[in-house]
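Here's the structure we're looking at; comments come further down.
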Amino acid sequence: MSGIFITGTSSNVGKTVITTCLTYAFRKRNIDAVPYKPVQCGAITEGEQWLAPDVELYRKVYNPKENEQLNSFLYEPRFSPHFAAQLADAPIDPQVIKSNYHALQEGHELVLIEGAGGLAVPLIDEQYGTPELIKDLDIPIVIVTQASVGTLNATALTAHYAQSKGLNIIGIIINGYPDNPTEGIKDNLTMIEKVTGIPVIGIVPQIADVEARLGEEEVLEKLIGGIDLDKLYY
């Protein structure tokens, strides 16, 4: 296995933070991991240059090699990828993503691919979305979810949808777990596994201003402490 696809139950569940943390954790283990964001919607600007904000976050723990592409398709509006691509008249080409993925494979032991939004997001149209890309890449997935109210429903729906598409799910990572969880949040840990039949392989703590602090080793160590890396790569 040389690739893992990191998806989420929705936007804003912390996929980028988890991808960044996993990159740091594996590289600390002397596993040459590289993060990759095939499609980014919601470009940021620096002067006249467009930047992929998720890739900028990766840079806190990973310095790309010369000419190394960590993003393939970048769009200004933060819309669903298929619609952002239509507006830009710049369609997403899965072959380009596959080519860039294979190029990263050749130079690294492990490629951590972060999806755009949730798992059911279309990339081209209703016939080709994130699940079809994952199948084309032939890699397993990790589902990132949150500890908050509503996570049972969102996680179960995502897991069952992934299974209906024939995807191989390694496990679930629960992000933003509070220091003093309610009884309901504690119960979610058990019920997520019972409802989905998929193991929870990571519990990542809630940290204020986490994206701004991802360059701090102390914060990174705290974030990765509850992730079972052996379940992800062996």
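The values are calculated or read from the model by the stated rules, or taken from the named source; none is laboratory data. Since the model is a prediction, treat every value here as computed from it, not as a measurement. Methodologically, a virtual Cβ is constructed for each residue, glycine included, from the backbone with ideal geometry; neighbour enumeration extends over all protein chains shown. Please note that ligands, DNA and RNA were not included when accessible areas were found on the heavy atoms of the full protein model with its side chains. Shrake-Rupley method; radii C 1.70, N 1.55, O 1.52, S 1.80 Å.
When the range 38-56 is limited to residues that are outside any loop (DSSP other than H, G, I, E, B) and out of contact with any strand residue (DSSP E or B) (no Cβ under 9 Å at 6 or more places or on another chain), the one that is modelled with the highest pLDDT turns out to be Gln49.
Results for (1) outside any loop (DSSP other than H, G, I, E, B); (2) open to solvent by 10 Å² or more (accessible area, probe 1.4 Å), shown as yes or no for each residue.
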position: Pro131; (1), (2): yes, no
position: Ile139; (1), (2): no, yes
position: Val142; (1), (2): yes, no
position: Asn153; (1), (2): yes, yes
position: Gly176; (1), (2): yes, yes
position: Lys194; (1), (2): yes, yes
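Would you confirm whether or not the range 155-171 contains a residue that is assigned to a helix (DSSP H, G or I), more than 19 Å from the chain's Cα centre (by Cα) and either closer than 16 Å to Thr7 by Cα or modelled with pLDDT under 95 (or both)? Yes, the conditions are met somewhere in the range 155-171. Does Ile139 satisfy the condition of being closer than 30 Å to Ile203 by Cβ and out of contact with any Lys or Arg (no Cβ under 8 Å at 6 or more places or on another chain)? Yes.
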